[in-house]
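Here's the structure we're looking at; comments come further down.
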Amino acid sequence: MPLWQRCALWGCLAIFFVSGGLLVRDLLRSEKEQAANQQLAGQVQAARQAAPALAPAASGSGPSELLQKYQELHLQNADLAGWLSIEDTPLDYPVMYTPQEPEYYLRRAFDGSYAISGTPFVGAGCKPDGSHVIIYGHNMSNETMFGSLKNYARLEYALQHPVVRFDTLEAEGEYQVLAAFYSRIYAPQEQGFRYYDYTDLSEREQFEEYLQG
């Protein structure tokens, strides 16, 4: 085999092993991050079963009243805004709120450490208890985070999972799924429904415009 072919072969093998190593690293990291999130979900589930009622907030902890099931997590991280879940799906996560830096948790875990899958967060211009809350999360290929939402493209799945639960720190909330659609960020000159521009639907005209979009 000529020298250049041997060099090319070794180069391809090196790329293969490096790529494989990175893939394994990302898989292990994703599993570790999901395990940490499952631990948080387990903590919330235990608190739900133990004391589902409202409890006074600890002094200096933020809101005047906290749902007791989220009180401990809020003490661990005051950026906690609520909890998002869909029954019988992998989606069961804390939702963070950092209005001064909305995408702070884009690549951060609940504890603030680096996490490739990030943590769901309230989008810029929205408030957890606002009239319209946009929550962002990564579309992970293993269906963690918001990766399972694409299943709403199937009618059967949508009928089996008709309710999205979003609790703020002060109130429980259940929301009926009315529609699901694919979207993206559009360039200024492009035509398309920019859902991310509708951060407040308190005005009737804006609400109707959103529905028509």
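The values are calculated or read from the model by the stated rules, or taken from the named source; none is laboratory data. Since we're looking at a predicted model, the values are computed, not measured. FYI the Cβ positions are ideal-geometry reconstructions off the backbone, even for glycines, and counts take in every protein chain you see. Accessible surface is based on the protein model in full, side chains and every heavy atom, while ligands, DNA and RNA are left aside. Shrake-Rupley method; radii C 1.70, N 1.55, O 1.52, S 1.80 Å.
Within segment 83-117, being crowded, with 17+ Cβ neighbours inside 10 Å and of a type in the set (D, E, K, R) holds for Asp92, Arg108.
Close contacts from segment 81-92, counting a first residue that is of a type in the set (Ser, Thr, Tyr) and a second that is not in a strand (DSSP E or B), with Cβ to Cβ under 7 Å and a gap of 6+ residues or different chains, come to Ser85/Leu91; Thr89/Ser148; Thr89/His161. Screening segment 152-167 for residues that are touching a residue at least 12 places away in the same chain (Cβ under 8 Å) and assigned to a helix (DSSP H, G or I) and picking the one that is farthest from Ile134 (Cα to Cα) gives Gln160. Quickly run through segment 168-201 and pick out the residues that are closer than 30 Å to Asn77 by Cα and part of a loop (DSSP other than H, G, I, E, B). Of everything in segment 168-201, those that are closer than 30 Å to Asn77 by Cα and part of a loop (DSSP other than H, G, I, E, B) turn out to be Leu169, Glu170, Ala171, Glu172, Gly173, Val177, Tyr198, Thr199, Asp200, Leu201.
Tell me, which residue of segment 203-213 that is out of contact with any Leu (no Cβ under 8 Å at 6 or more places or on another chain) and open to solvent by less than 80 Å² (accessible area, probe 1.4 Å) is modelled with the lowest pLDDT? The extreme case among them is Gly213. One residue stands out among those in segment 118-146 that are within 8 Å of the chain's Cα centre (by Cα) and in a loop (DSSP other than H, G, I, E, B): the one that is surrounded by the fewest Cβ atoms within 10 Å (Cβ to Cβ), which is His138. Whenever a residue of segment 94-113 is assigned to a loop (DSSP other than H, G, I, E, B), its partners that are of a type in the set (D, E, K, R), lying with C-beta atoms within less than 8 angstrom and at least six residues away or across chains, give the pairs Tyr97/Asp79; Tyr97/Lys127; Thr98/Asp79; Pro99/Lys127; Tyr104/Asp79; Tyr105/Asp79; Ala109/Glu33.
Conditions tested, residue by residue: (1) open to solvent by 50 Å² or more (accessible area, probe 1.4 Å); (2) at pLDDT 90 or above; (3) closer than 20 Å to Phe121 by Cβ.
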| residue | (1), (2), (3) |
| --- | --- |
| Lys150 | yes, yes, yes |
| Tyr157 | no, yes, no |
| His161 | no, yes, no |
| Val164 | no, yes, yes |
| Gly173 | no, yes, yes |
| Val177 | no, yes, no |
| Glu190 | yes, yes, no |
| Leu201 | no, no, yes |
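In this structure, Ala124 does not satisfy being of a type in the set (Gly, Ala, Ser) and more than 28 Å from Asn77 (Cα to Cα).
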